[in-house]
Structure formats: C-alpha cells, structure tokens
Amino acid sequence: MAVSELMRLFKTIFNMQSIVIVDEYNTPFMSMLHNSRFNESERKNIFDIYMHLLSSILKGNDYLHKSILVSVFNICDVGLGSGFSNVEVYMTHSGLSGISHVPNPFEHAFDFTVSDVWGLIN
C-alpha cells in the first residue's frame, strides 16, 4: 500500500511515527452501498478492498502513532470498525440533550457547539 510505504519513509527520514487524518473516510463506501448498479457480490468485493485499505493503514502498522477518522457515521455502526482495537468514538452530537448524554471532550473543535445548535433550532 502506498500510504503504508509513505509512513515507513517518514519514520526512516524523520524518525517519527505518523498521524493519519482521513476526512469523510466512509463516503466512497456509502456511495457504493447506495448505487444500485452494484450487485451483492460486487459490493462485498468493494467492502473487502476498502477494509484491506483501512486495515493496512490502521492495524499492526509500526509507523502509525495515531489516526483520526472523521465522518458523519460511527465507524462501528457502518461495519467498518470490525477488528480495530483502541477505538474511541466521539460524535458531534454528543452532549446534546435528548440525543446523547455522552460527554464529548472535543465538542469545542467541531463546527457547531451545543449552544450553536440550540441557537439554530430556536
């Protein structure tokens, strides 16, 4: 995989592990699921390729310090997080009354704060 090779080179040259940030990581996968031209066999093959790509970057990679996957969907809920360890999920709606009571330490870093959302609603 090209990304794994880049991470290896980064470690060799700078003697540092990589931090991988993937924004909207599941967009290609979700687009494939909603595209009716793919039959079940083709969808399974695409899913397997996608899982291999994520796994090669995120699992057992000595050059990886940490990764951040950003998406609208929870990686575990869409079936892409199977087999990953040390996964922490922070949803942007965490802490919104009536939606989730799970505290989100990164709430301030998302586009909308809880007060922003309630301001838009009201």
- Item | Projected-area average for segment 1-41 over all orientations - Cα convex hull basis, square nanometres | 4.1
- Message: Sort T27, T12 by heavy-atom solvent-accessible area, probe 1.4 angstrom, most to least.
- Response: T12, T27
- Message: Run the numbers for I21 and E42: contour at 0.36 nm per residue of separation, minus the present Cα-Cα distance, in nm.
- Response: 4.8 nm
- Amide hydrogen neighbours beyond the local backbone of S18, cut-off 5 Å, H modeled: L64, H65
- Counting residues in segment 1-77 as N, plug N into 2.2 N^0.38 Å and put the Cα Rg over that result. 1.27
- In order through segment 16-32: 3J(HN,Hα) via Karplus (6.51 cos²θ - 1.76 cosθ + 1.60), integer Hz, x for Gly, Pro: 9, 7, 8, 10, 9, 10, 10, 8, 6, 4, 9, 4, x, 5, 5, 4, 5
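The values are calculated or read from the model by the stated rules, or taken from the named source; none is laboratory data. Small disclaimer: the values here were computed from a predicted structure and weren't measured. Heads up: the accessible areas ignore ligands, DNA and RNA and are worked out on the full protein's heavy atoms, side chains in. Shrake-Rupley method; radii C 1.70, N 1.55, O 1.52, S 1.80 Å.
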